[in-house]
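K.L.:
Pasting a structure here, questions to come.
The values are calculated or read from the model by the stated rules, or taken from the named source; none is laboratory data. Note that the coordinates shown come from a computational prediction; the quantities given were computed from them, not determined experimentally. As a convention, Cβ positions derive from the backbone with ideal geometry for all residues, glycine included, and neighbour counts pool all protein chains shown. What goes into the accessible areas is simple: the full protein's heavy atoms, side chains included, and nothing from ligands, DNA or RNA. Shrake-Rupley method; radii C 1.70, N 1.55, O 1.52, S 1.80 Å.
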Amino acid sequence: MLFRSDSTCSRRRPGDSVCYQFVMANPEGTQIHTLDQELDSNLESVDSAEEIVLREAGPLGFDEDDLHKIGISVRECMVNAVVHGNRYNAKKKVRLKVERSEDSITIWIAAEGAGFNPADVPDPLHSDNLMKHSGRGVMLMQAFMDGFEVTARQPRGTQVKMVKKKAVAS
């Protein structure tokens, strides 16, 4: 395992706390690059998270459409973490972890709030919800990413895991 603090960490914005990067090989010998960072509970962190994830996704060769889907998914998840999870509480952090392998990128975003159950999120396509200004984030993340999983954190909070696989050339 190699630990390094490189340009991704040095580009932290004021208020971003911790940043760790690791490069490891899994049992099959495939190199896996991991970045783990804590962000403040503010909307500037939404921009930071999107920039970090898209920078990590770049080397995988995703096309413009997939990069857009990844960016939107990260923004939606971060807004949910900052606004609904941590409620802009300056004492609470959002943890962003990004793992890049040869064929996919995996993103974990974790908030320290009360948590939520995705089954309790109203259906944004229901006629009562069509004209609402919010409520589509979870649906977009599920549609845009190849994997989407929500888990409760202990003692409190929620972690969202999203996976985007590189398209296989045919």
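K.L.:
What number of residues within segment 41-80 are of a type outside the set (Ser, Thr, Tyr) and within 25 Å of residue 121 (Cβ to Cβ)?
P.N.:
Restricting attention to segment 41-80, the residues satisfying the condition of being of a type outside the set (Ser, Thr, Tyr) are 42-44, 46-47, 49-72, 74-80.
From the residues that got through so far, the ones that are within 25 Å of residue 121 (Cβ to Cβ) too are 42-43, 46-47, 49-50, 53, 66, 68-72, 74-80.
Qualifying residue count, segment 41-80: 20.
K.L.:
For segment 117-129, which positions are touching a helix residue (DSSP H, G or I) at 6+ places or on another chain (Cβ under 7 Å) and not aliphatic (A, V, I, L, M)? Before you say what the answer is, go through the steps one by one.
P.N.:
Initial filter on segment 117-129 (touching a helix residue (DSSP H, G or I) at 6+ places or on another chain (Cβ under 7 Å)): 118, 121, 124.
Those that are touching a helix residue (DSSP H, G or I) at 6+ places or on another chain (Cβ under 7 Å) and not aliphatic (A, V, I, L, M): 118, 124.
K.L.:
Residues in segment 150-167 that are without any contact (Cβ under 8 Å) to a residue 40 or more places away in the chain and open to solvent by 100 Å² or more (accessible area, probe 1.4 Å): how many? Give the derivation first.
P.N.:
If we filter segment 150-167 for residues that are without any contact (Cβ under 8 Å) to a residue 40 or more places away in the chain, which is where we start, we get 150-152, 154-155.
Remaining after also requiring open to solvent by 100 Å² or more (accessible area, probe 1.4 Å): 154-155.
Total satisfying the criteria: 2.
K.L.:
Of 95, 87, which residue is charged (D, E, K, R) and on the phi > 0 side of the Ramachandran plot?
P.N.:
On the way: 95 fails: on the phi > 0 side of the Ramachandran plot.
The conditions single out 87.
K.L.:
What do you reckon, is residue 142 in contact with a Phe, Trp or Tyr (Cβ under 9 Å, 6 or more places away or on another chain) and of a type in the set (S, T, N, Q)?
P.N.:
Working: in contact with a Phe, Trp or Tyr (Cβ under 9 Å, 6 or more places away or on another chain): yes; of a type in the set (S, T, N, Q): yes.
Yes: the conditions hold for residue 142.
K.L.:
Just wondering, is there one or more residues in segment 63-82 that are without any contact (Cβ under 8 Å) to a residue 60 or more places away in the chain, basic (Lys, Arg) and part of a helix (DSSP H, G or I)?
P.N.:
yes
K.L.:
Here's something else I'd like to know. Of (1) crowded, with 17+ Cβ neighbours inside 10 Å; (2) of a type in the set (A, V, I, L, M, F, W, C); (3) touching an Asp or Glu at 6+ places or on another chain (Cβ under 8 Å), residue 90 satisfies all except one. Which?
P.N.:
Only one criterion in (1) crowded, with 17+ Cβ neighbours inside 10 Å; (2) of a type in the set (A, V, I, L, M, F, W, C); (3) touching an Asp or Glu at 6+ places or on another chain (Cβ under 8 Å) is unmet by residue 90, namely (1).
K.L.:
Could you give every pair whose Cβ atoms fall below 7 Å, whose first residue belongs to segment 33-53 and is under 11 Å from residue 97 (Cα atoms), and whose second residue is part of a helix (DSSP H, G or I) and of a type in the set (Asp, Glu), counting only separations of at least 6 or pairs across chains?
P.N.:
If the second residue must be part of a helix (DSSP H, G or I) and of a type in the set (Asp, Glu), the pairs left are 35/56.
K.L.:
Here's a follow-up. For segment 130-170, give me each residue that is in a helix (DSSP H, G or I) and among the aromatic types (Phe, Trp, Tyr).
P.N.:
First pass over segment 130-170, keeping only residues in a helix (DSSP H, G or I): 137-144.
Of everything in segment 130-170, just one residue is in a helix (DSSP H, G or I) and among the aromatic types (Phe, Trp, Tyr), namely 144.
K.L.:
Oh, and also: Does segment 92-114 include one or more residues that are of a type in the set (Lys, Arg), in a loop (DSSP other than H, G, I, E, B) and either farther than 24 Å from residue 35 by Cβ or out of contact with any Lys or Arg (no Cβ under 7 Å at 6 or more places or on another chain) (or both)? Spell out the reasoning first.
P.N.:
In the first step, residues of segment 92-114 are kept if they are of a type in the set (Lys, Arg); the result is 92-93, 95, 97, 100.
Then drop every residue that is not in a loop (DSSP other than H, G, I, E, B), which leaves 92.
After this cut, where a residue has to be either farther than 24 Å from residue 35 by Cβ or out of contact with any Lys or Arg (no Cβ under 7 Å at 6 or more places or on another chain) (or both) as well, the list is 92.
Checked segment 92-114: at least one residue is of a type in the set (Lys, Arg), in a loop (DSSP other than H, G, I, E, B) and either farther than 24 Å from residue 35 by Cβ or out of contact with any Lys or Arg (no Cβ under 7 Å at 6 or more places or on another chain) (or both).
K.L.:
For segment 60-87, enumerate the residues that are within 28 Å of residue 30 (Cα to Cα) and exposed (fewer than 15 other Cβ atoms within 10 Å of the Cβ).
P.N.:
Selection gives 61, 63, 64, 65, 68.
K.L.:
Next up: Are any residues in segment 97-149 open to solvent by 80 Å² or more (accessible area, probe 1.4 Å), farther than 25 Å from residue 42 by Cβ and polar (S, T, N, Q), and if so, which ones?
P.N.:
Matches in segment 97-149: 127, 142.
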